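The values are calculated or read from the model by the stated rules, or taken from the named source; none is laboratory data. Given the structure is predicted, the values throughout are model-derived calculations rather than measurements. As a convention, Cβ positions derive from the backbone with ideal geometry for all residues, glycine included, and neighbour counts pool all protein chains shown.
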Amino acid sequence: MPAIVNYAAEPHSVELREVPLPDIGEDDVLMKVAAVGVCGSDLHQWTGQISWTVNYPCILGHEFAGTIVRSGKRVKSFSEGDRVVSETAAVIDENSPFSKRGLYNLDSSRLGFGYGVNGAMTQYVRVPERCLHPIPNNLTFVKASLTEPCCVAYNAVCCMGRIQPGDAVLVLGPGPIGLLCVLMAKLAGAGHLVVCGLPADHLRLNKAVEIGAHHTLYPEEVSEYFKNIADGEGADVVIDATGYSPSFETAMDVVRPAGQIIKVGWGPQPMNFSLDRIIQKAVTVKGSFSHHWMIWERVISMLQSGQINLDPVLSRISPLEEWHECFEKMHHGEYVKTVLEPFSSETIQ
């Protein structure tokens, strides 16, 4: 079967290859992949700009939905033919202290689809039963496949953050996660919602306004802007979704005393500046990584009800063979989010 494989650490070591059908264990299912989203982390692996360990060669893809076609003999809650979406924590230690608390996303032995084990940019993928969530019939596979990035944003904004109605919120970085953080901040009651990006992000900045941002800025405009709104003390909450470490300096500049900074974007670059302003302002800083079961159930319900509208961020749906163009255009900011379909629409039931 065809698969998009990241085969080495060097930049652009990704190609479409033929791979064997995966075997499954007694606690696993074999999922027929109906749709798989392209994530910024897939692009970072493609360009060789990562700060995590990859088990090469590895099939990319961790945002996916599909149908169960085979079940291991110990699988109890799902059956062949079920429509499902999968979480990303493919391997965890279920006896770790974090897993026992339901925070398996923080288990130090965790391995995710698409870098630790083979992911879903292919036709069939092996998935542990514990990763699965059923999806309703009125939720398309394409939109269900984007449950995962919505969960990332929900965790950052609604769990790690504490936005109050009326808060001034700044989102740094209008990539897919940043735009979904805008959506979540709007739902959480942000009163003044601002998004910061670069001139090359003009398409995505326009999407931010479509989603609900009140204003968009370039980095050099941010500090002055927040001096002229409300009491001039800065943003109540800053969400750093850039994936560029130096942007944290902007976050420190703009956040108000006793405010919050939520960092959700990965950035391998060193931060060559002092963090003293965090101390001086008594700012709360939280990192946000991944998600867990409760978040997935909430987000699936929000997608089903239409509370989460993915139409503004979904730029293209393509067959697996067109992966390279999707990667290129997302990388250059021409697309916000793309989804690959490993089978033709006529094949998926």
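Examine segment 178-189 for a residue that is touching a helix residue (DSSP H, G or I) at 6+ places or on another chain (Cβ under 7 Å), at negative phi and part of a loop (DSSP other than H, G, I, E, B), and state whether such a residue exists.
No.
Those residues that are more than 17 Å from residue 287 (Cβ to Cβ) and assigned to a loop (DSSP other than H, G, I, E, B), I need them from segment 145-162; list them, please.
145, 146
All but one of (1) of a type in the set (Val, Ile, Thr); (2) within 11 Å of residue 62 (Cα to Cα); (3) surrounded by 20 or more Cβ atoms within 10 Å (Cβ to Cβ) hold for residue 135, so report the exception by its number.
So residue 135 meets the others, but not (2).
Which one is modelled with the lowest pLDDT among residues in segment 234-243 that are in a loop (DSSP other than H, G, I, E, B) and within 14 Å of residue 287 (Cα to Cα)?
At the first step, the residues of segment 234-243 found to be in a loop (DSSP other than H, G, I, E, B) are 234, 241-243.
Cutting the leftovers down to within 14 Å of residue 287 (Cα to Cα) gives us 241-243.
Values: 241: 97, 242: 94, 243: 83.
Among those that are in a loop (DSSP other than H, G, I, E, B) and within 14 Å of residue 287 (Cα to Cα), it is 243.
Across segment 193-223, what is the total count of residues that are in a loop (DSSP other than H, G, I, E, B), surrounded by fewer than 23 Cβ atoms within 10 Å (Cβ to Cβ) and within 20 Å of the chain's Cα centre (by Cα)? Give the derivation first.
Filtering segment 193-223 for residues in a loop (DSSP other than H, G, I, E, B) gives 197-198, 212-214, 218.
Filter again for surrounded by fewer than 23 Cβ atoms within 10 Å (Cβ to Cβ), leaving 198, 212, 214, 218.
Going one step further and asking which of them are within 20 Å of the chain's Cα centre (by Cα), we end up with 212.
Here the count works out to 1.
Collect the residues in segment 262-306 that are among the acidic types (Asp, Glu) and in contact (Cβ under 8 Å) with a residue 24 or more places away in the chain, keeping them in residue-number order.
Of all residues in segment 262-306, those among the acidic types (Asp, Glu) come to 276, 297.
Passing the criteria: only 297.
Out of the residues in segment 224-234 that are without any contact (Cβ under 8 Å) to a residue 60 or more places away in the chain and either under 13 Å from residue 195 (Cα atoms) or of a type in the set (A, V, I, L, M, F, W, C) (or both), which is surrounded by the most Cβ atoms within 10 Å (Cβ to Cβ)?
Taking the candidates together, the pick is 226.
Just checking, which of 311, 240 is crowded, with 17+ Cβ neighbours inside 10 Å and within 20 Å of the chain's Cα centre (by Cα)? Steps first, please.
On the way: 311 fails: crowded, with 17+ Cβ neighbours inside 10 Å.
The unique qualifying residue is 240.
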